[in-house]
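All of the numbers you see were taken from the coordinates with simple rules; none came from a lab. Worth saying up front: this structure is predicted, and the values here are computed from it rather than measured. Because the Cβ atoms are built from the backbone with ideal geometry, glycine has one as well, and the counts that use them run over all protein chains shown.
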């Protein structure tokens with residue numbers, strides 16, 4: 001029989017389905033072979049009934065299935081092609097149906113998701129409608145830079161209305177830079193975010209042009225060390241400071257430190273790091289709520305034996321969050337000194353990212369900052385011993401209730417003991433985007449959830465763990481086990 005025969009058989013089968021219904025057409029004991037073909041298959045003539053009819057029907061239905069498979073392949077290809085053609089048209093139609101007010105909100109969301117001014121230019125170049133909506137959306141045009149041409153700066157200022165501005169100062173202070181500052185100076189009362197990417201030695205040009213009063217400035221980013229004479233501006237609303245290799249001079253007061261609620265600084269590539277300078281700054285920040293410090297490739301600690309620093313009492317200052325990141329190569333004396341400086345803090349949440357080579361014991365012990373934290377987040381750059389990690393934390397964190405480990409992997413041979421110990425204080429354990437093997441997860445889950453104290457064990461976006469595995473494990477261990485894959 002040819003392929004076309006299968007289509008003929010399929011057509012007759014569909015006619016039976018249409019007239020008598022699916023149930024009748026495919027009921028047990030109903031053999032429609034004789035109804036699907038007018039030609040008897042001579043191969044089955046030697047068989048006795050009912051084998052002859054059964055074999056004949058089997059052959060007929062196989063032909064129907066072959067025809068269906070051929071059609072299915074062609075249909076799938078046709079559907080894919082139609083979807084490819086429909087997708088851009090559907091998107092275009094959907095966008096056309098979106099009111100301009102909603103489209104403007106979408107543009108504003110895209111603006112907040114980006115960091116620079118390119119988004120505004122790109123979205124305004126898509127089509128005429130996008131351009132009109134973007135030009136009527138002032139927020140898109142609030143990011144200005146000294147690297148922009150003067151005509152672009154003027155256009156952005158016009159389009160931004162009276163909204164707060166983000167200003168980036170990055171050039172060497174030549175004529176173009178001065179022209180930019182002179183133009184922006186008339187709008188200094190709108191500066192809310194200032195990024196100082198220029199050489200600190202060149203910042204004096206800002207004062208030379210009379211720019212010392214920034215009534216709306218809330219955020220300041222500073223590149224490299226703060227000069228003793230720098231940042232002597234009137235910034236009554238400044239609350240956030242971020243910096244890169246931004247150390248402050250000793251024995252110099254900066255009044256804005258008293259009003260900061262958030263500080264985030266990355267220190268990178270230091271032969272000798274001055275921890276005393278950092279402590280001097282932190283101890284003056286009486287309104288600090290969130291602190292983030294990153295250390296990358298810090299080889300040793302600079303020691304000033306002649307300088308005495310009055311250290312606050314341990315755990316005497318409450319803040320909301322503390323985040324510490326060690327990256328690359330960080331000397332252990334830098335780590336120990338940092339922990340000693342930060343021991344005065346009592347953070348509600350601590351996040352530690354150990355993206356370094358070295359023993360966990362050196363980075364997780366002797367840290368008083370852990371003592372009163374109820375919530376801790378950890379990230380490891382290299383495979384670690386999970387049980388040792390939890391034991392170290394709970395040994396030094398008597399009040400730890402919630403532990404989150406993210407973007408980490410673990411030593412398979414060391415991360416599942418024969419029997420998991422009891423952790424009486426721990427209530428919630430979460431793994432996010434970790435690489436974990438099912439054969440190791442199962443005994444860990446049994447051991448931890450077998451204790452009444454642990455209320456939840458959660459896996460979020462953890463690779464190598466299947467839905468079926470977790471469902472079967474949950475059936476046995478209960479609702480304390482949860483996941484989002």
Cubic angstrom per residue, convex hull over Cα atoms of the stretch 355-485:
96
Just the ratio, please: alpha-carbon radius of gyration of the stretch 409-485 over 2.2 N^0.38 Å, N its number of residues.
1.01
Cβ crowding within 10 Å averaged over residues, with 395-401, 338-344 ranked highest first
338-344, 395-401
State the Cα centre-to-centre distance between the stretch 254-277 and the stretch 291-344 in whole Å.
10
Alpha-carbon Rg with Dmax, taken over the stretch 114-165, Å:
10.4, 30
Potential extension, residue 466-residue 318 segment - 0.36 nm per residue separation minus Cα distance:
49.2 nm
Taking every pair of alpha-carbon atoms in the stretch 163-211, give the share separated by more than 14 Å as a whole percent.
48
Quick one: work out Rg over Rh on the C-alpha atoms of the stretch 296-339, Rh as Kirkwood radius.
1.03
To the nearest 0.05, the calculated FRET efficiency linking residue 474 and residue 101 through their beta-carbon distance, R0 being 51 Å, is 0.70
Angle between the Cα long axis of helix 150-159 and the longest principal axis of the chain, 0 to 90 degrees, nearest 10?
70
Over the Cα atoms, compute the radius of gyration (one decimal) and Dmax (the largest Cα-Cα distance, rounded to a whole number) for the stretch 274-388, in Å.
14.0, 43
How high is the FRET efficiency between residue 54 and residue 24 when r is their beta carbon distance and R₀ equals 25 Å, given to the nearest 0.05?
0.90
Burial order of peptide ranges 161-173, 274-286 (average beta-carbon count within 10 Å, highest first):
274-286, 161-173
Among 15-24, 184-193, how do they line up by average Cβ neighbours within 10 Å per residue, starting with the highest?
184-193, 15-24
Expressed in angstrom, Rg and Dmax over the Cα atoms of the chain are 34.3, 111
Neighbouring Cβ atoms within 10 Å as the yardstick, rank 390, 79 fewest first.
79, 390
Based on the Cα gyration tensor of the stretch 321-428, what are the three equivalent ellipsoid semi-axes, each the root of five times an eigenvalue, rounded to whole Å and given largest first?
21, 18, 12
The stretch 76-154: C-alpha pair distances exceeding 14 Å, %
68
